[in-house]
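The values are calculated or read from the model by the stated rules, or taken from the named source; none is laboratory data. A quick note: this is a predicted structure, and the numbers were derived from the prediction, not measured. Using ideal geometry, Cβ is built from the backbone for each residue, glycine included, and neighbour counts are taken over all protein chains shown. When the accessible area is computed, the model is the full protein with side chains, heavy atoms only, and any ligands, DNA or RNA have been set aside. Shrake-Rupley method; radii C 1.70, N 1.55, O 1.52, S 1.80 Å.
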Amino acid sequence: MTVTPVNYRKQDCSPQAIARDVDYALQIADFYVSKIPGGARRLVGKRVLELGPGYSLGTAVLLACHGAEVTVADRYLSPWDAEYHGRFFAAMLARLRAERDELSPDPILRLLEASAFVDQTLRTLHLGTEDLDEVADASFDVVLSNAVFEHVGDVPRAVATLARITRSGGVGVHQVDFRDHRDFDRPLEYMTLAPADFSALFAEVHGECGNRWRPLAMGEEWKRAGFDATFEANMWADEAYVDDVQSRLDPCYAAMGRDELLVISGCYVLRRRAALNTEYPVETDSPQTLAHSRARYTFASSFVEGQRVLDVGCGAGVGTRMLLRAGASDVVGVDLRPEALELARADDPRDDDAYVLHDLNERLPFPDGSFDVVVALEVLEHVREQQQLVDEIRRVLSPDGVAVVSVPNKAFEEFWTGLAGEDNPYHVHVPDLEEFVGMLAGFPWVDFHGQIDVVASLVLPLDGNEGERVRGSLEVQAGTSITDRGTVTILGVCHVRRPVERPPRAPEACSYGNYQDTFGGAIASNQALATFAEALSHQHFAAANKLRWTGVEVPSVEGADGASDIGPGAEPEKHVGLHDPSPDAPRAQPPEAGSADEDDATPGAPARPIPVLGPRADEASSRRPVRDGDGDPRALDEAC
């Protein structure tokens, strides 16, 4: 079957159709703005990507009128149609002059002057959502789509690509229609097909039927790729229909709950998690990250000369090699990440068995008393079985052994994750000092130290006295708390036996530059200042636009003056719905974006129109755009 994409077909250029299309573009743009945190002020000067922008490209141009630098991507991107687009953008210009003079007219004026889609208004990519490999990392601040992701053939690949090209802290808004597009009155019928039959159908109709991903599975995919994701359902299937179809579903959906089946449309609002944290240090990390790691390993190195050493959670081996250079007779690294151990082995001339792959939530794979020194720096917070790991460290130590164990200072962790607006994704639980002391209670003697940042990173006793070590009972130490945000890490030097007096060792600093606490405070102040500057910039942008409209002439194009049968605020004519090609099918009436109607809806209610979402209501199934449906359908049922 040959399907001509709707973006390549001749469009209705009547005054009624033009006015209706302008109204639709305004509604979608308003919906996007209502969902973007910070609203319109967040668009000025921002890099925005809209996927599947439709035939008119009207919403994308409106985003440019909001001050954004806009790129559009579609495998079947519509070409400039002088008759249609000339009338459409002239009508849009008239609407903005009458109703939205805070927006800039310049993006539309450039298009009308050139009679073409010009880069000064829109950058264009003739690529599907799954195929944006040529786009550079972190290219966009905002990524938007409406009625696109239900037609994507390889959802994991598309989501991973958007994660790559969205900058840290960037946002996304994606409205997805989870219905079987062959018959909207029976929105789950494609879920009754066996995987092979559905794959054949999807390929035959180029994805027009929808990919049958469900909301929870797609939400998990966003999170797995590195987004914080919230989902708002805005359409539900008829309860009686769901009860009927549930017994007929393919076995891969048999365990799906009724409540999930009821949801057939909704919007994801995403935030790209900031790349504040790394899972393990590598030699190419920032000077600050390396200084933190090296300071801890430098401190631990004073215990290792001539000793058998185990480096628990060795990562890429940066610290393991430091321990070897400090004179350890042997160092074994153990970690649960094979990719980290590959890096460690690549930079270590010893045999591969110097590094052991092992899940640190399980008992260590070494006999009792195997090592004289065990180092576990910033490891406990990464594992679920924290007390078990501490007990295992004690078990593998020799009778005179020493363990150097550290965890992040919880106050430091909370401060920086608060600035980032997210938790460290690699940390299971960061114990506070009292918890940490309790975990180490199996050792007869523990010295506690704190790692601080001044203009470098160094390790000092917790009382701040550089001249002598702090030795004290666990009971005394358990009452101690550390709230200084400049204290990065708490270290415990754990002795199997009470240690003999050792001469004091001057701390060795690992320099990198700034003072954490002051720097963090500056970042917090800068964030507040950036929000204020963003709002001020938007006010200036709007005020300048109001002046800019003076003298702007709207071209005299038939249907462009907003005075047609369907002008602003007029009742639309009835026209073809997506699921009913009959001329009498009424057009869905979307409420305002973010209206109370969305909150009042309840699961089990009859199917309601998607608010300001989805394709135009006049795009019947026979005219359904082929957006991103040429992907390989074999991956579709991963969502089952």
Worksheet item: Any idea which residue in the stretch 201-239 is most open to solvent (accessible area, probe 1.4 Å), counting only those that are part of a helix (DSSP H, G or I), without any contact (Cβ under 8 Å) to a residue 60 or more places away in the chain and not basic (Lys, Arg)?
Response: 216
Response to the item:
Per the filter on the stretch 240-269, residues assigned to a helix (DSSP H, G or I) and over 25 Å from residue 159 (Cβ atoms) are 240, 241, 242, 243, 244, 245, 246, 251, 258
Worksheet item: Got a number for residues in the stretch 240-267 being small (Gly, Ala, Ser), open to solvent by 10 Å² or more (accessible area, probe 1.4 Å) and modelled with pLDDT of 95 or more?
Response: 1
Discussion item. Step by step: first the residues of the stretch 400-431, then only those that are in contact with a Lys or Arg (Cβ under 7 Å, 6 or more places away or on another chain) and surrounded by fewer than 16 Cβ atoms within 10 Å (Cβ to Cβ), then the one that is nearest to residue 168 (Cα to Cα). Which residue is that?
Written reply: 425
Worksheet item: Does residue 90 qualify as being within 23 Å of residue 534 (Cβ to Cβ) and outside any loop (DSSP other than H, G, I, E, B)?
Response: no
Fill in: All positions within the stretch 128-156 that are part of a loop (DSSP other than H, G, I, E, B) and open to solvent by 10 Å² or more (accessible area, probe 1.4 Å)
133, 134, 135, 136, 137, 138, 139, 154
Fill in: residue 35 being under 26 Å from residue 234 (Cα atoms) and touching a residue at least 40 places away in the same chain (Cβ under 8 Å)
yes
Practice prompt. Within the stretch 183-193, identify whether any single residue is open to solvent by less than 20 Å² (accessible area, probe 1.4 Å), closer than 22 Å to residue 44 by Cβ and among the hydroxyl-bearing types (Ser, Thr, Tyr), and answer yes or no.
Written response: no
Worksheet, complete the sentence: Going through the stretch 354-386 in order, the residues found to be assigned to a loop (DSSP other than H, G, I, E, B), touching a residue at least 40 places away in the same chain (Cβ under 8 Å) and on the phi < 0 side of the Ramachandran plot are 360, 364, 366, 370, 379, 383, 384
Worksheet item: Between residues in the stretch 103-128 that are within 14 Å of residue 70 (Cα to Cα) and residues that are basic (Lys, Arg), which pairs lie under 6 Å by C-beta distance while being six or more apart or on different chains?
Response: 118/110; 120/110; 121/110
Discussion item. Given the condition among the β-branched types (Val, Ile, Thr), in contact with a strand residue (DSSP E or B) (Cβ under 9 Å, 6 or more places away or on another chain) and assigned to a loop (DSSP other than H, G, I, E, B), answer yes or no: does some residue in the stretch 418-435 qualify?
Written reply: yes
